[in-house]
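These notes are about the structure you will find just below.
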Amino acid sequence: MRAYLKRWGKVIFLSFILGFLLILFLFLGRNAIYSFIPAGTETVGITGDYPADEFPNNLPDEILNKTSKGLTKVQPNGEISPDVAERWDVKDDGKTFIFYLNDELTFSDGEEIDSNLINYNFTDATIERPAKSVIIFKLKDKYSPFLVTVANRKVFTKDLVGVSSYRIKDVETQDGFVRSIELESKSDKKKLKYYFYPTQTALKDAYVLGDVSKIIDINNLNYNEKADFADFNNTIVTKQANKNKIATVFINNSDSVLSDKKIRKALAYSMPDKFAEGERAYSPYKKDFWAYNPSVVYKKDLEYAKLQLEDSEGSSDKKIKVKLKALRQYRVVAEEIAKNWKKIGIETEIEIVDGVPNVYQAFLGELPVLKDPDQYTLWHTGQPSNITNYRNLRIDKLLEDGRTTYDMEDRKKIYDDFQKYLVDDMPAIFLYFPYTYTLTRK
């Protein structure tokens, strides 16, 4: 041993020192080294058709929030806070919005925030950029939801560079629609690639075939008659309530039978207080939303529902029949609704449809949950998106006032009244926020 160490001792000592220094160098420089190592790509599937000419601000929040920020940000309760803009002023009786940009932020490519690089275009507003850190919007009319509008409309340059830890790496389109989008993380070069599928059946098939490693926002765990995703050993199932939509029975208020408010109320008060398919909803707002009116609740009351029917104009008829058209994913719920309506003497015919029908008596579909309490386009008389043909001058006035009022307390009073009168008229029956599922391959 002494002879061996005498001959090789210096080599062993130097090798130990060099090895230690190499390990120390690799440890201290690991972040720089990792940046040169190609990262894996996570593939995610989601349903929906997204026109390429509206890209990227028409993407779902799951993707859009990763690509950039807005001038403002909407908190979970609906209140507005700063984001790319650190503050703002509202002038000219609510027609001028002046945003002061946070100059500590940068675009995803490292470029400093500059109002001249922000690619904004609004139909009813002119834009001025008097300074690098200032952008001004001058509206034609007062519009209080504008602070939410610039939260939804993310900040991008003309080259689609946003303000985010991810950047848009690649976009594939086909027949005028976005088919996939690839994002890359600035920090670790990790890639996320989203694929868009027309139906949930196609989405589930893509997961089973291994085309994607994750699918989000599916309505149920059924794959086919013999297989259920809950039984897949290599799959993690996550359940959540989708607060971006409400399963809703829309009622045609111009229908010869359902134009009677008492019949609509009878239909509503026969609904169960709980749904296995989601969290109960009673108005077009979430419970934790700042404009939500907690007094607007209608519990199941079959006796009251029967009294409403007896007092209705159609009470002299032998039987009231309702044709309920329902989206395919709500077939089971439609059958449950029909059972409840039968308890109060109403016969129901169910028809499954793949989209919003042009003509219907009652339609079981989805109401979008907006980030601002403004519901003008959904319920105001004459609006094309008012699919219930609902007409109420009092509601019209409240909706008009709500989008031109800036004081939050005043707006709260307006939308409290809006919910109260809307639910009293019952142009639609709000059911629940549907449970949806995310599947992730282990």
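Worth a mention:
- Matching entry among 140, 73, 154, 66 (being of a type in the set (D, E, K, R) and over 23 Å from residue 244 (Cβ atoms)): 140
- Residues satisfying the stated conditions in the range 79-91, i.e. assigned to a loop (DSSP other than H, G, I, E, B) and either closer than 30 Å to residue 111 by Cβ or modelled with pLDDT under 95 (or both): 83, 84
- Top-ranked residue of the range 92-116 - restricted to ones that are over 27 Å from the mean Cα position of the chain (by Cα) and in a strand (DSSP E or B), ranked as nearest to residue 185 (Cα to Cα): 112
- Residue within the range 226-233 that is basic (Lys, Arg) and in contact with an Asp or Glu (Cβ under 6 Å, 6 or more places away or on another chain) present: no
- Beta carbons closer than 8 Å, at least 6 apart along the sequence or on distinct chains, pair a first residue in the range 190-206 that is closer than 14 Å to residue 329 by Cβ with a second that is of a type in the set (Phe, Trp, Tyr) and part of a loop (DSSP other than H, G, I, E, B) for 204/223.
- Residues that are of a type outside the set (Ser, Thr, Tyr), touching a Lys or Arg at 6+ places or on another chain (Cβ under 7 Å), touching a residue at least 40 places away in the same chain (Cβ under 8 Å) and in a strand (DSSP E or B) within the range 135-189 comprise 135, 138, 139, 162, 167, 182, 183, listed in sequence order.
- Look at the range 221-241: where a residue is over 20 Å from residue 433 (Cβ atoms) and in contact (Cβ under 8 Å) with a residue 40 or more places away in the chain and a partner is among the polar types (S, T, N, Q) and not in a loop (DSSP other than H, G, I, E, B), sitting 6+ places away or on another chain with Cβ atoms under 9 Å, you get 229/222; 229/235; 235/440; 236/438; 236/440.
For every residue, the table says whether it meets (1) surrounded by 12 or more Cβ atoms within 10 Å (Cβ to Cβ); (2) free of Cβ contacts under 8 Å to residues at least 24 places away in the same chain; (3) in the same structural domain as residue 292 (by TED's automatic domain parsing).
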{"site": "18", "(1), (2), (3)": "no, yes, no"}
{"site": "22", "(1), (2), (3)": "no, yes, no"}
{"site": "26", "(1), (2), (3)": "no, yes, no"}
{"site": "52", "(1), (2), (3)": "yes, no, no"}
{"site": "78", "(1), (2), (3)": "yes, no, no"}
{"site": "81", "(1), (2), (3)": "no, yes, no"}
{"site": "88", "(1), (2), (3)": "yes, no, no"}
{"site": "92", "(1), (2), (3)": "no, no, no"}
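- The criterion of being outside the structural domain of residue 404 (by TED's automatic domain parsing), within 27 Å of the chain's Cα centre (by Cα) and among the aromatic types (Phe, Trp, Tyr) holds for residue 166.
- Test: residue in the range 283-298 that is surrounded by fewer than 21 Cβ atoms within 10 Å (Cβ to Cβ), touching a Phe, Trp or Tyr at 6+ places or on another chain (Cβ under 6 Å), part of a strand (DSSP E or B) and touching a residue at least 40 places away in the same chain (Cβ under 8 Å): no
- Only listed residue being within 30 Å of residue 400 (Cβ to Cβ) and either surrounded by 15 or more Cβ atoms within 10 Å (Cβ to Cβ) or assigned by TED's automatic domain parsing to the domain that holds residue 370 (or both), chosen from 193, 142: 142
- Checking each residue in the range 1-36 for being over 35 Å from the mean Cα position of the chain (by Cα), outside any helix (DSSP H, G or I) and either within 30 Å of residue 171 (Cα to Cα) or at pLDDT below 80 (or both) picks out 29, 36.
- Set 253, 219: member being at pLDDT 95 or above and crowded, with 17+ Cβ neighbours inside 10 Å: 253
- Screening residue 149 against (1) farther than 21 Å from residue 124 by Cα; (2) hydroxyl-bearing (Ser, Thr, Tyr); (3) surrounded by 15 or more Cβ atoms within 10 Å (Cβ to Cβ) leaves a single unmet condition, (1).
The values are calculated or read from the model by the stated rules, or taken from the named source; none is laboratory data. Because the structure is a prediction, the values reported are computed rather than measured. Neighbour counts run over all protein chains shown; Cβ positions are idealised from the backbone, glycine included.
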